[in-house]
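Chemist: Pasting a structure here, questions to come.
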Amino acid sequence: MSPARWICGGAVLAVALALSGCPSLTNVTPPPSLDRAASLEQAGDAGGAARIFEGLAAQNSGADRNAYLLRAAHAWLGAHRADEAARVLTGLEGNLTPEQQTERALLNAGIALERGQTQDAWRQLDALPMPANPAQAARYRDLKARAAVGAGHPEAAEALAREQAEIAPHIALLLPVTGRTNAAAVSVREGFLAAWYQSPAAARLRVRVYDTGAESVAAALTRATGSGAELIVGPLTREEVIAAAQFAGPRPPLLALNFLGPETPAPQRFYQDALSPEEEARLVARRVLADHHRRGVALAPAGDWGTRVLAAFRQELEAGGGELIATATIDGTRTDYSEAVTQILGISESQARYRRLEGILGTKLQFEPRRRADIGFIFAPAPANTERLLRPQLRFHFAGDIPTYATSAAFEPDVRANQDLDGLMFPDMPWILGGDLAEAVRAATHDAWPNAGLARSRLFAFGFDAYRLAVALHNRPDDVNIDGLTGRLSFDAEHRVRRELAWAQLHDGELRPLPAPTP
């Protein structure tokens, strides 16, 4: 006997009870695989796919095993084998994930429908909330519509059919258009829709607005995702954005219209944009350093806004080698800021020295108060009404010649109101400072919103740019760089918008652009 024949005859003898003859490799059944299951499903052999999924389940444990069993039950249902599907579901073990629990509920309802038990299927589905997963949501609507017809609920079937017809790819805009922040939300919405109308008709993306003033952020995200949203813009307030970041369900990429705090990590596919006063303060600090100033003082309004702005400015200034040698707060409810101004300028100390000297000499002296000589700049962020009172008082106390910087909050486009702000320097958006895009948008929207005060609405410009950012994210998420009404926009490594602003200085109440600083 040849060696080959001995191997074929003798070795097979060891497994003769299981096999007869010398087996051919072409007759060996390949191991279960997802690719084979997918091929069988595409070929219409749902039962064959179900057997493979059961084989994969037998090779795994825990959550993976349950996942394969659920897919096997789904495939058995596709083969109209309700009893096999029910058998497979009895093999589920341990704790199911929320999505797996929903899947089991949908499969049980599908089994009841397959068996003709429409009333039972209707009761099961009516007790099941709308799934967050888009694919499960579509199956839920289909199953419930079928059950509604058989269970004698035609009105529910019609409502589900209408809802199903509304499912389409779109951008979801989440804004609190009702409630305490509705004025801001409406301005953002108007800007967003203005950008939509000004884009070419063939390139417009479908937009739907979801009111987070009327429903929770989680409910709006679930509904938008289930209705086919490809991108979500919003929500708007800090509290809403935190809720969106903590949303555990599936959703498409999201562009939040506010920044998360440092204590809240951003999830995957979570972009952030905001008109942030802290970011402006950091921009001002960089400009101060670029203008070759290193030591200066700061006056900020009392309260949370002033505290946050001053902290951001100080951090950026000190990181660049600068120093705040004195700071003071001002009470925005008052009109006289002399105490704070004289304190940071060192005039109070000058006056105290004068009084001590008079006391020592016992005679009246001629005296002209002097400010400290080492102040290279003043940072004075404040709302416009406060800034118009503060700037003249700085001049009165011998500080009119010190370079003074503010944020855009200090400026309102009114020549008469800004006469007292002479010399003040600040960054602002093209929508306020002017430019080709701003003028084109203003002209196009004048007829649509003749009384909306759009020339003053930074939030309108913010909404306009939100649409353009959304289009850019939809088309090329890895390469976003656009010129907008609020500045030149791009995303940093943490998916937060970086906004480059232009600079201006006031002369006789009118704006004059400031050139870039000298290197």
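Chemist: Quick check: pseudo-label points 7 Å beyond the Cα along Cα→Cβ at Ser39 and Ile167, how many nm apart are they?
Modeler: Each label point lies 7 Å from its Cα, and together they span 3.0 nm.
Chemist: How charged is the neighbourhood of Asp83? Take every other residue with its Cβ under 13 Å from the Cβ of Asp83, and add Lys/Arg as +1 and Asp/Glu as -1.
Modeler: Values: positive: Arg81, Arg87, Arg115; negative: Glu84, Glu114.
Neighbourhood net charge equals +1.
Chemist: Work through the residues other than Ala67 whose Cβ is under 15 Å from its Cβ and net out their charges, Lys, Arg +1 and Asp, Glu -1. Mind dumping the intermediate values first?
Modeler: Details: positive: Arg65, Arg71, Arg104; negative: Glu54, Asp64, Glu93, Glu99, Glu103.
Neighbourhood net charge equals -2.
Chemist: Just how large is the dipole of the stretch 28-165 about the Cα centre, in debye to the nearest 20, putting +1 at every Lys and Arg Cβ and -1 at every Asp and Glu Cβ? Can you show the working numbers first?
Modeler: On the way: 14 positive and 17 negative charges, 16 e Å.
My answer is approximately 80 debye.
Chemist: Here is a further query. Near Phe259, within a Cβ-to-Cβ distance under 13 Å, what is the net charge of the other residues, with Lys and Arg +1 and Asp and Glu -1?
Modeler: Values: positive: Arg238, Arg282, Arg308, Arg496, Arg498, Arg499; negative: Glu239, Glu240, Glu263, Asp273, Glu278, Glu279, Glu280, Asp492, Glu494.
So the surrounding residues net to -3.
Chemist: Order of Glu41, Glu280, Glu500 from fewest to most other C-beta atoms within 10 Å? Mind dumping the intermediate values first?
Modeler: Working: Glu41 19, Glu280 23, Glu500 12.
The most exposed by this proxy come first: Glu500, Glu41, Glu280.
Chemist: How large are Rg and Dmax for the stretch 207-285 when calculated on the C-alpha trace, in angstrom?
Modeler: 13.2, 45
Chemist: I need Leu389, Leu143 ordered by Cβ neighbour count within 10 Å, fewest first. Walk me through the numbers on the way to the answer.
Modeler: Details: Leu389 16, Leu143 22.
In order of increasing Cβ crowding within 10 Å: Leu389, Leu143.
Chemist: Quick one: Debye curve from the C-alpha atoms of the stretch 28-165, no solvent, what's log10 I(q)/I(0) at q = 0.13, 0.20 Å⁻¹?
Modeler: Values, matching the q order: -0.58, -1.18.
We did not get these values from a lab; they are worked out from the coordinates using the rules stated. Keep in mind that this is a model prediction, so the values were computed, not measured. Neighbour counts are summed over all protein chains in view; Cβ atoms, including those assigned to glycine, are modelled from backbone coordinates with ideal geometry.
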